[in-house]
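Read the structure below first, then the notes.
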Amino acid sequence: MSRGRIERGLFELYDEDPIAADERIWGRLADPLSRRGFLRGAGLSTLGAALGMSIPFGRSLPGGLVPAAFAATTEPFMIDGKDPGLVVLNDRPLNAETPAHLLDDEVTPASRLFVRNNGIPPASGRAEDWTLEIGGEAVASPRTFRLSELERDFSRYTYRLQLECGGNGRAEFRPRARGNQWTTGAVGCPEWTGVRLSDVLARCGVKPNAVYVGYYGADLHASGDPTKVVISRGVPMSKALEEETLIAFALNGEAIPALHGAPLRLVCGGWPGSVSGKWLQRIDVRDRVHDGPKMTGKAYRVPCRPVAAGAEVDDADMCIIESMPVKSLITSVRSGGVHAGAEPLPVAGFAWAGDRAVSAVDLSIDFGQTWSRGRLSPPANRLAWQRFESVVRFPMPGYYEVWARATDSAGGQQPMVVPGWNPKGYLNNACHRIAVRVV
Ligand SMILES: Nc1nc2c(c(=O)[nH]1)N[C@H]1C(S)=C(S)[C@@H](COP(=O)(O)O)O[C@H]1N2
Ligand SMILES: [Mo]
């Protein structure tokens, strides 16, 4: 069987109905009505035949999952300054994600940081001429700072801050949510340098009625209409005034690249990437929850209470996403690789948990029946992702999946299957899994 042909068929079929796809491709399921059915008998041996090897823990393989061995592949597409391994999801506006095995650096290089644009990035202007305006109902003395003033008059700080798009993982929701079909790669943890938003706001005076900040950037609306704002989001004052919330002018010690918001951007680690405004020109201190484009309606909001998949939800029942949920990625091993079975396989990656810290990462090689705890490093600073490392040993040759599951400091844990469906497909923090062929 040719791999390409299986892939196309698989993805189309799994898209429509994952359980029916299992039946058609791999044969009968033990419990065809259950999303948690397991592959048995004929199905299992057909899958084994397609893989060209047996599946030692096959009895535990859940039905309805596209086997990780058949993960999508994409042709390379060159973006200036970017690793050719990035996968482009949309070119107008440009959106590109990073395959997990390219995220193995403690500090994500700019060339491997995902790109998420809602509009058209501004033509790169001269940084010396750039200004940042601070205004809004709840600021005592509105002011405009030149970039050079920000650099000269305020203390600078450097933090590693993880940035993850709220829609990372959207591709797995059924029914499908519209928008970029991010798989796992809309995340990274670069090192940002800048001044504290709190210091800059203190210089202008924040009134007691301050509730929220809202940013405005210099990008152009996709319609080309210069009067339309692409996106203008923000955070409550408590998040805005955190030590780590930066007005950044450098990424990994160099000027911020054009695609990532040159010359100035907001960085609020641990919250949906959309609050970290790029090409930053203005920050308003608001006396109410900010109501700019993509703050209201269903944008970057999830149902306040869980809903059935596919349900219609009233805007009034949608709540703003704040801290992102606990999540992890295996980055040291590329999914689909071949491993010599006699050798133990080192497996490492990163875990993060929004405003919280990660307290543990566990790995499974038997589809979640048993787990073993990895070694976990402390974060370089608050809101940075954390390295985990482990070694797995496979009992015999065959097809395996390595699953990673992180737990946060409040006991929150990644689910093994896609969590709560929501209209826009946010917050999928299901366990990451990679395929390994042991020979
Ligand atoms: N001005 C502006 N800021 C923006 C965006 C945008 O389209 N315009 N996209 C947001 C979203 S949705 C995300 S996830 C992050 C992505 O940052 P990156 O492209 O540097 O990875 O930027 C945020 N800031
Ligand atoms: Mo995003």
Fill in the blank from the handout: Considering the stretch 380-408, residues that are under 23 Å from L161 (Cα atoms) and either open to solvent by 50 Å² or more (accessible area, probe 1.4 Å) or polar (S, T, N, Q) (or both), and then whichever is nearest to the chain's Cα centre (by Cα), we arrive at Q386
Practice task
Just give me the residues in the stretch 183-211 being in a strand (DSSP E or B) and either farther than 25 Å from V289 by Cβ or open to solvent by less than 10 Å² (accessible area, probe 1.4 Å) (or both), in sequence order.
Solution key: V187, G188, E191, W192, T193, G194, V195
Problem - Failed condition for A340, given (1) outside the structural domain of A404 (by TED's automatic domain parsing); (2) open to solvent by 20 Å² or more (accessible area, probe 1.4 Å) - result: (1)
Completion exercise
When the stretch 157-169 is checked residue by residue, the ones that are open to solvent by less than 20 Å² (accessible area, probe 1.4 Å) and of a type in the set (D, E, K, R) are E164
Problem - Which listed residue is without any contact (Cβ under 8 Å) to a residue 24 or more places away in the chain and small (G, A, S), from A123, A110, A127, A138 - result: A123
Handout entry: Any hit, the stretch 135-145, residues being on the phi > 0 side of the Ramachandran plot and either among the polar types (S, T, N, Q) or more than 16 Å from ligand 2 (Cβ to nearest atom) (or both)
Key = yes
Handout entry: Count - residues of the stretch 89-119 that are away from ligand 2 (no atom under 16 Å from the Cβ) and either in contact with a helix residue (DSSP H, G or I) (Cβ under 6 Å, 6 or more places away or on another chain) or at pLDDT below 95 (or both)
Key = 4
Practice task
Starting from residues that are open to solvent by 10 Å² or more (accessible area, probe 1.4 Å) and part of a loop (DSSP other than H, G, I, E, B), keep the ones in the stretch 231-255 and report whichever is nearest to ligand 1 (Cβ to nearest atom).
Solution key: I231
Practice task
Please find, among A299, A258, A351, the residue that is in contact with a Ser or Thr (Cβ under 6 Å, 6 or more places away or on another chain) and either within 16 Å of ligand 2 (Cβ to nearest atom) or open to solvent by less than 20 Å² (accessible area, probe 1.4 Å) (or both).
Solution key: A351
Practice task
Please work out which one of (1) basic (K, R); (2) closer than 17 Å to V195 by Cα; (3) in contact with a strand residue (DSSP E or B) (Cβ under 6 Å, 6 or more places away or on another chain) is the condition K239 fails and give its number.
Solution key: (3)
Practice task
Return the only residue of T108, T144, T184, T158 being more than 13 Å from ligand 1 (Cβ to nearest atom), under 19 Å from P257 (Cα atoms) and not assigned by TED's automatic domain parsing to the domain that holds A357.
Solution key: T158
Completion exercise
Residue pairs qualifying under the 8 Å Cβ cut-off, at least six apart or on distinct chains, with the first in the stretch 164-183 being within 14 Å of V87 (Cα to Cα) and the second being more than 8 Å from ligand 2 (Cβ to nearest atom) and in a helix (DSSP H, G or I), are N180/R170; Q181/R170; Q181/A171; W182/R170; W182/A171; T183/A171; T183/E172
Problem - Condition check for A351: assigned to a loop (DSSP other than H, G, I, E, B), modelled with pLDDT of 95 or more and not assigned by TED's automatic domain parsing to the domain that holds V107 - result: no
Exercise for the section: With the condition kept exactly as written, say whether any residue in the stretch 133-141 is within 12 Å of ligand 1 (Cβ to nearest atom), of a type in the set (A, V, I, L, M) and assigned to a loop (DSSP other than H, G, I, E, B). Expected result: no
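The values are calculated or read from the model by the stated rules, or taken from the named source; none is laboratory data. Quick caveat, the model's predicted, so the values are computed rather than measured. All Cβ positions, glycine included, derive from the backbone under ideal geometry; neighbour counts span all protein chains shown. Accessible surface is based on the protein model in full, side chains and every heavy atom, while ligands, DNA and RNA are left aside. Shrake-Rupley method; radii C 1.70, N 1.55, O 1.52, S 1.80 Å.
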